[in-house]
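*Asks:* Pasting a structure here, questions to come.
Nothing in this text is a laboratory measurement; each read-out follows from the coordinates by a stated rule. Quick caveat, the model's predicted, so the values are computed rather than measured. Methodologically, a virtual Cβ is constructed for each residue, glycine included, from the backbone with ideal geometry; neighbour enumeration extends over all protein chains shown.
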Amino acid sequence: MSYWWNYKNKSKRWLRSRRFKFSNSRRDNISALVDFLKNPTTYDGLESIAEIHPSIKSADIYPRMRSLTDDDLYAIAGHIMLQPKIVAEKWGGGKIYF
């Protein structure tokens, strides 16, 4: 039970948008998230993680990213910003809630 509690609370803490305002590649607003979806970097902004994270830059690895327009990316970023406010308990929990 302690693992479940720690995992659940750790996920909630890491996915709060106010934590991302301290990263060098900001991720606490829609425009910054769109930029991240185009060119993902580590928390400090020094290294690209495009090979391990779906992005426009790595569309050859993640084929679904090929057809996304800027409007689609803004919709995805808006969803990412809004969901923690709507379903805070389930957001970021992965398959454990389904």
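*Asks:* Can you give the net charge of the other residues whose Cβ lies under 13 Å from the Cβ of Ala77, counting K and R as +1 and D and E as -1?
*Replies:* For residues surrounding Ala77, the net value is -2.
*Asks:* Summing Lys, Arg as +1 and Asp, Glu as -1, what charge do residues with Cβ under 9 Å from the Cβ of Ile56 carry, Ile56 excluded?
*Replies:* +3
*Asks:* Given H placed 1.01 Å from N in the peptide plane, which residues other than close sequence neighbours of Thr41 have an amide H under 5 Å from its amide H?
*Replies:* Amide H neighbours of Thr41: Ile49.
*Asks:* Rounded to whole Å and sorted largest first, list the principal axis extents of the Cα atoms in the range 24-91.
*Replies:* 33, 28, 21
*Asks:* About the Cα centre, and with charges only on the beta carbon of Lys, Arg (+1) and Asp, Glu (-1), how big is the dipole of the range 26-98? Nearest 20 debye, please.
*Replies:* 240
*Asks:* Go through Ile49, Leu73, Ala32 and say which Cα lies farthest out towards the positive end of the charge dipole of the range 24-91; charges sit on Cβ, +1 for Lys and Arg, -1 for Asp and Glu.
*Replies:* So the residue furthest toward the plus end is Leu73.
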